[in-house]
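Right, one structure below, let's go through it.
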């Protein structure tokens with residue numbers, strides 16, 4: 001590649017503004033505006049002049065997998081960047097084998113997800129959305145005040161996963177007078193919150209459970225029937241992780257049977273499908289996977305991706321490496 | 001405990017009603033039909049020495065004048081803007097309210113309404129329940145709450161509690177009130193308009209009196225602007241409601257989270273038609289824990305009065 005020419009990269013990510021921002025700095029091969037099939041696109045990329053791409057930005061939410069076939073199709077790739085914290089769509093083993101470095105979105109979404117979790121908790125405990133429906137249906141003059149909610153102060157909040165998101169949630173809820181407990185793979189010496197080595201014990205001593213962990217083999221259905229029963233009939237679950245962190249069937253049953261008091265759910269096992277039983281409940285708040293979706297986080301993602309790419313092309317370490 | 005004759009103006013709260021009935025000679029104004037209230041008061045005037053009222057009912061001059069034996073008015077609220085305080089002072093009638101115990105709940109709801117308004121939580125919930133996620137795809141992007149400039153009108157107990165919560169979200173906090181508190185962490189503005197101009201979220205957290213009536217007027221609303229959000233957990237009377245509605249409809253104000261209105265429980269149709277507002281039914285203190293604590297404060301004040309001890313939370 002000639003000196004002074006911007007480096008080439010592949011992007012597989014919907015969203016015109018993202019591509020436009022990258023085009024200002026790089027030579028972009030954009031799948032979503034190519035009109036080609038995935039195979040044709042990758043083959044064309046591999047044959048691109050003046051030079052084939054050494055980096056790829058690949059959307060985490062879509063059907064693309066960066067696997068052996070993908071890497072074989074574009075052997076020039078030395079760097080893969082995910083648009084999310086998650087890298088489930090990237091075969092890390094294959095990348096490691098080939099010496100391909102991998103980066104994720106770091107903490108760009110963490111603040112918004114934490115804010116949404118707190119907003120959902122206030123909503124569930126203080127019945128904001130339910131009372132809003134009451135007002136909009138004209139029931140306030142007819143039925144008098146809306147039934148009382150429950151105070152946040154003094155509630156024991158058990159956070160499952162004390163990573164960046166969990167820590168931001170903890171800081172916010174402390175200002176509301178909540179007591180913070182947590183479960184994580186290992187305890188963290190730098191925090192003063194009480195650690196529980198397993199989620200069942202955490203649930204037994206908590207009034208609220210907030211799921212803020214990644215999804216992997218260990219955390220699939222980490223909230224299940226036993227955990228919900230341990231949480232108890234005044235308990236509330238907030239899920240801003242992944243739908244599969246919670247056994248959705250168990251959760252619906254627990255709500256139907258009054259085994260827990262309520263839930264705030266931003267994620268579901270089979271999005272955009274949501275169990276019909278939940279739609280009829282007033283003690284749940286349901287949002288369509290919006291916790292990270294603000295214009296600020298989109299712009300932060302763009303800036304962050306550009307910084308990772310610039311680091312890679314300058315031969316420097318990635319800002320938020322997953323591999324190595 | 002001697003038999004203090006207590007008149008309760010409306011049902012308010014079951015626990016409070018039961019305890020008043022247990023501890024005192026309770027008369028319930030709503031036992032008489034609305035058009036016989038005057039007769040009821042006349043018939044019982046001699047025995048009524050205390051009135052228990054709520055924030056909305058208050059106690060006006062007509063009521064106070066109808067009760068020659070009245071010694072104390074205990075309000076089940078922190079706001080006493082509807083109690084004729086000058087008339088009480090003239091008559092030597094004590095007045096108590098319920099400060100402190102509801103501070104956290106009101107502050108929690110204020111911040112909850114701010115997040116709900118900016119992140120559109122009730123709207124997104126509505127979208128999902130209406131099947132739109134399946135039919136129309138993703139809900140549109142909203143705007144981040146953390147880091148937004150929070151301006152608070154009134155830095156009293158509730159205002160300070162809101163400020164503390166705002167700090168947890170790294171929100172720069174500023175405030176307006178008559179007195180500059182020279183607070184280390186919060187910026188003072190000497191006028192509400194300047195506060196609004198420098199805020200993304202403007203929260204009304206002061207008491208309602210002659211100076212603060214309609215303190216949020218057209219000028220303040222426009223200074224807050226097309227991306228600004230107004231949160232009102234004070235009183236409907238703090239805001240010029242027709243101006244608020246018009247600004248929201250026109251887009252001169254970005255959004256609002258409201259717990260109080262000019263004429264509760266009636267919410268203007270024009271507000272109900274908007275998607276950029278979150279509407280709550282005056283439930284700032286609406287948790288079981290807090291309402292119980294408020295009731296206990298009402299009962300405690302009445303008992304202190306009977307025992308000739310200092311009142312717990314006197315206003316007059």
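The values are calculated or read from the model by the stated rules, or taken from the named source; none is laboratory data. Note that this is a predicted model, so its numbers are computed, not measured. Don't worry about glycine lacking a Cβ; one is built from the backbone with ideal geometry, like all the others, and counts go over all protein chains shown.
Computed values, structure above
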| read-out | value |
| --- | --- |
| Of all residues making up the stretch B:94-115, the number that are out of contact with any strand residue (DSSP E or B) (no Cβ under 7 Å at 6 or more places or on another chain), within 19 Å of residue B:208 (Cβ to Cβ) and more than 7 Å from every other protein chain (Cβ to nearest Cβ) | 6 |
| Only one of B:148, B:164 that is within 9 Å of chain A (Cβ to nearest Cβ) and either part of a helix (DSSP H, G or I) or touching a strand residue (DSSP E or B) at 6+ places or on another chain (Cβ under 7 Å) (or both) | B:164 |
| Qualifying residue in the stretch A:199-220 (condition: under 15 Å from the mean Cα position of the chain (by Cα), modelled with pLDDT of 95 or more and within 14 Å of chain B (Cβ to nearest Cβ)) | no |
| Where residue A:236 falls short, out of the listed (1) touching a residue at least 60 places away in the same chain (Cβ under 8 Å); (2) within 14 Å of the chain's Cα centre (by Cα); (3) buried (at least 21 other Cβ atoms within 10 Å of the Cβ) | (2) |
| Top-ranked residue of the stretch B:284-300 - restricted to ones that are within 7 Å of chain A (Cβ to nearest Cβ) and crowded, with 23+ Cβ neighbours inside 10 Å, ranked as farthest from residue B:119 (Cα to Cα) | B:291 |
| Within the stretch A:143-163, tally of residues that are more than 7 Å from chain B (Cβ to nearest Cβ), modelled with pLDDT of 95 or more and not in a loop (DSSP other than H, G, I, E, B) | 5 |
| Filtered residues of the stretch A:274-290 (kept if facing chain B (nearest Cβ under 7 Å) and not in a loop (DSSP other than H, G, I, E, B)) | A:279, A:285, A:286 |
| Output for the stretch A:147-168, where each listed residue is in contact with a helix residue (DSSP H, G or I) (Cβ under 6 Å, 6 or more places away or on another chain) and surrounded by fewer than 22 Cβ atoms within 10 Å (Cβ to Cβ) | A:148, A:150, A:153, A:164 |
| For residue A:241: the one exception among (1) within 14 Å of chain B (Cβ to nearest Cβ); (2) under 22 Å from residue A:111 (Cβ atoms); (3) in contact with a strand residue (DSSP E or B) (Cβ under 6 Å, 6 or more places away or on another chain) | (1) |
| Given (1) surrounded by fewer than 21 Cβ atoms within 10 Å (Cβ to Cβ); (2) more than 17 Å from the chain's Cα centre (by Cα); (3) away from chain B (no Cβ under 13 Å), index of the condition residue A:251 fails | (1) |
| Which listed residue, of A:72, A:123, is crowded, with 24+ Cβ neighbours inside 10 Å and either free of Cβ contacts under 8 Å to residues at least 24 places away in the same chain or assigned to a helix (DSSP H, G or I) (or both) | A:123 |
| Long-range neighbours under 7 Å by Cβ, at least six apart or interchain, first residue under 12 Å from residue B:264 (Cα atoms) within the stretch A:132-148, second not in a loop (DSSP other than H, G, I, E, B) | A:135/B:279; A:140/A:134; A:141/B:266 |
| Within the stretch A:208-227, considering residues that are crowded, with 21+ Cβ neighbours inside 10 Å and free of Cβ contacts under 8 Å to residues at least 60 places away in the same chain, the one nearest to residue A:110 (Cα to Cα) | A:213 |
| Number of positions in the stretch A:16-33 that are surrounded by 15 or more Cβ atoms within 10 Å (Cβ to Cβ), part of a loop (DSSP other than H, G, I, E, B) and free of Cβ contacts under 8 Å to residues at least 60 places away in the same chain | 0 |
| Residues of the stretch B:116-132 that turn out to be within 21 Å of residue B:230 (Cα to Cα) and more than 7 Å from chain A (Cβ to nearest Cβ), as a count | 4 |
| Out of A:80, A:87, A:108, A:102, sole residue that is in contact with a strand residue (DSSP E or B) (Cβ under 6 Å, 6 or more places away or on another chain), assigned to a loop (DSSP other than H, G, I, E, B), closer than 26 Å to residue A:241 by Cβ and in contact (Cβ under 8 Å) with a residue 24 or more places away in the chain | A:87 |
| Condition check for residue A:135: away from chain B (no Cβ under 14 Å), touching a helix residue (DSSP H, G or I) at 6+ places or on another chain (Cβ under 8 Å) and over 23 Å from residue B:145 (Cα atoms) | no |
| Within the stretch A:291-300, tally of residues that are crowded, with 21+ Cβ neighbours inside 10 Å and either assigned to a helix (DSSP H, G or I) or at pLDDT below 95 (or both) | 1 |
| Any hit, the stretch B:3-15, residues being surrounded by 15 or more Cβ atoms within 10 Å (Cβ to Cβ) and more than 28 Å from residue B:106 (Cβ to Cβ) | yes |
| Members of the stretch A:177-192 that are touching a strand residue (DSSP E or B) at 6+ places or on another chain (Cβ under 9 Å) and either touching a residue at least 12 places away in the same chain (Cβ under 8 Å) or closer than 18 Å to residue A:108 by Cβ (or both) | A:178, A:179, A:180, A:181, A:182, A:183, A:184, A:188, A:191 |
| Residue in the stretch A:215-223 that is outside any loop (DSSP other than H, G, I, E, B) and in the same structural domain as residue A:157 (by the TED database) present | yes |
| Residue match in the stretch B:282-298 (condition: touching a residue at least 12 places away in the same chain (Cβ under 8 Å), farther than 19 Å from residue B:101 by Cβ and outside any helix (DSSP H, G or I)) | no |
| Of all residues making up the stretch B:65-81, the number that are touching a strand residue (DSSP E or B) at 6+ places or on another chain (Cβ under 8 Å) and crowded, with 19+ Cβ neighbours inside 10 Å | 9 |
| Residue B:57 vs. criteria more than 27 Å from the chain's Cα centre (by Cα), without any contact (Cβ under 8 Å) to a residue 60 or more places away in the chain and assigned to a loop (DSSP other than H, G, I, E, B) | no |
| Residue among B:6, B:52, B:101 that alone is in a loop (DSSP other than H, G, I, E, B) and either at pLDDT 95 or above or closer than 18 Å to residue B:294 by Cβ (or both) | B:101 |
